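Structure record follows, encoded as C-alpha cells.
The values are calculated or read from the model by the stated rules, or taken from the named source; none is laboratory data. Nothing here was measured: the structure is a model prediction, and the numbers come from that model. In this analysis, Cβ positions are derived from the backbone assuming ideal geometry, glycine residues included, and neighbour counts consider all displayed protein chains.
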Amino acid sequence: MAALLPYLDDYWREHLLSRGTDKLNLSVTSYPPSVPLSGRPDWRQGLGTPGADLGALQRDALDAFGTEIAICNPIYAAPLLHSEDMSAVLCSALNDWIRCEWLDREPRLRASIVIPTQSPDLAIKEIERCATDPRFVQIMLPVMMELPIGRRYHWPIYEAAERLGLPVGFHAGSTYRHAPTPTGWPSYFVEDYVVQSQGFQSQLMSLLAEGVFTKFPGLRVVMIEAGFTWLPPFFWRADKSWRGVRREIPWVKEPPSEVIRRHVRFTIQPLDEPPDSSIMAKVVEQLGSDEMLLFSTDYPHWQFERDEVLPKGFSPDLIRKVMIDNPMATYSRLTAPAPVCKKELVQ
C-alpha cells in the first residue's frame with residue numbers, strides 16, 4: 001500500500017492515511033508468500049516477496065527464456081474491495097505504479113489493466129484511461145466474481161475491450177463473494193487450488209450460453225492459469241449437451257467447441273502435465289486447434305523445474321505457434337511502440 005500512495009491524489013492519500021488503510025497489505029492470500037508453490041527457491045530474493053524485484057525478473061523470467069516481450073499480470077486485492085470508489089482508485093494507482101515503476105524501467109515489459117469488478121462504469125473509465133498507453137495490452141479480471149461472467153452486467157466491459165482491441169484475461173482466483181466450490185467453503189488451500197478449473201469451465205459456458213461471442217464477434221478471451229488438459233472432455237460434453245438443448249440458446253449456431261476455439265486462448269502454465277509425452281501429444285490433437293495455447297511462465301510461482309517451461313510432447317511447429325505466432329495474433333498491441341510514462345499524467 002505504501003508503494004501506491006504516491007499515485008493517489010491528495011484526497012485519497014489523506015483518506016487512506018487517516019483510516020490507517022495505508023498499513024494494510026492487500027496481497028491476495030491465494031498465494032501465501034511462504035508457501036513453496038508461491039515462489040521457486042531459485043526465484044526467491046531472500047525474505048522478500050517473490051517476483052518483487054525487477055533485476056530478478058529480468059534475469060530469471062526474461063533473459064533465461066530469451067523473452068522479447070512479457071506481459072505482467074499483477075495479482076492484487078484492489079478489485080476485490082466492496083467499496084466501488086476505493087477499488088477504482090486503488091486499481092488506477094496500481095496501473096500507474098506498474099507503468100512507471102516497471103514498464104518504464106524495462107522496455108520488454110507490457111501489462112494488463114486491472115479494473116474494479118463491482119462497477120462497469122468505473123471499469124470502462126479505467127480501461128479507456130490506460131488504453132492510451134499501448135503497453136497495456138489486456139484487461140484482467142478474476143475468473144470467479146459476483147455474477148457469471150457472461151451476464152449482461154459485464155457486457156459494457158466487453159464492448160470496450162472489442163472497441164479498443166484489448167483481449168480480456170480471466171486469471172485464476174476469486175472475489176470470494178461466493179464459495180469457490182459448488183458445494184460450499186473448503187477448509188484447505190489445496191481444495192480451492194484444485195477446483196479452480198471447475199470455475200473456468202462454468203465461466204466458459206456462461207460466456208457461450210449468454211451470447212457474449214455472438215454479441216461481440218471480435219472479442220478475444222484469455223484464460224490465465226486455467227490449465228488446458230481438461231478441455232477435450234469439456235468440449236465433448238458441451239457439444240453433446242448443446243445438440244440436445246440448443247433451442248434454448250438459438251443465438252449459438254455452432255458447437256461450443258468451435259466457438260471456443262475461435263475466441264478463447266489458454267496459457268500453458270501451470271499445467272497438469274502427464275508423465276508420458278505421447279499422452280500430451282494426444283491432448284493437443286484432441287484440442288482440434290494449434291492456435292489456442294499461449295506461452296507463459298507463471299513467474300515467480302513454482303510450476304516446473306529449471307527451464308522446462310514447455311511441456312514434453314509439443315512439436316517444433318507447435319512450439320513456434322505457442323511462443324510467437326499465437327501471442328502475436330492474440331495481442332494486437334504487442335508490436336506497438338513503447339512510450340515513456342510521464343508522472344504528471346498520473347491522476
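Remarks
- Some residue of region 315-328 being under 23 Å from Val221 (Cβ atoms), in contact with a helix residue (DSSP H, G or I) (Cβ under 7 Å, 6 or more places away or on another chain) and loosely packed, with under 14 Cβ neighbours inside 10 Å: yes
- Helices (runs of 4 or more DSSP H) completely within region 170-230 that count 1 or more residues being surrounded by 15 or more Cβ atoms within 10 Å (Cβ to Cβ) and of a type in the set (Gly, Ala, Ser): 196-209
- For the condition modelled with pLDDT under 95, surrounded by fewer than 19 Cβ atoms within 10 Å (Cβ to Cβ) and part of a loop (DSSP other than H, G, I, E, B), Glu106 does not qualify.
- Condition check for Trp12: touching a residue at least 40 places away in the same chain (Cβ under 8 Å), farther than 28 Å from Pro167 by Cα and part of a helix (DSSP H, G or I): yes
- Among residues of region 165-204, those that are more than 25 Å from Leu81 (Cβ to Cβ), under 18 Å from the mean Cα position of the chain (by Cα) and hydrophobic (A, V, I, L, M, F, W, C), counted: 2
- Taking the criterion of being part of a loop (DSSP other than H, G, I, E, B) and either out of contact with any helix residue (DSSP H, G or I) (no Cβ under 8 Å at 6 or more places or on another chain) or of a type in the set (A, V, I, L, M, F, W, C) (or both), the residues of region 37-66 that qualify are Gly39, Arg40, Arg44, Gly46, Leu47, Gly48, Thr49, Ala52, Asp53, Ala64, Phe65, Gly66.
- For region 1-44, filtered to residues that are at pLDDT 85 or above and hydroxyl-bearing (Ser, Thr, Tyr), the residue that is nearest to Asp96 (Cα to Cα) is Tyr7.
- Single unsatisfied condition, Leu164 versus (1) under 16 Å from Val28 (Cα atoms); (2) surrounded by fewer than 23 Cβ atoms within 10 Å (Cβ to Cβ): (1)
- Matching entry among Arg129, Arg99 (being out of contact with any strand residue (DSSP E or B) (no Cβ under 6 Å at 6 or more places or on another chain), part of a helix (DSSP H, G or I), closer than 17 Å to Ala161 by Cβ and basic (Lys, Arg)): Arg129
- Failed criterion for Arg177 (all others in (1) more than 30 Å from Asn326 (Cα to Cα); (2) of a type in the set (D, E, K, R); (3) modelled with pLDDT of 95 or more hold): (3)
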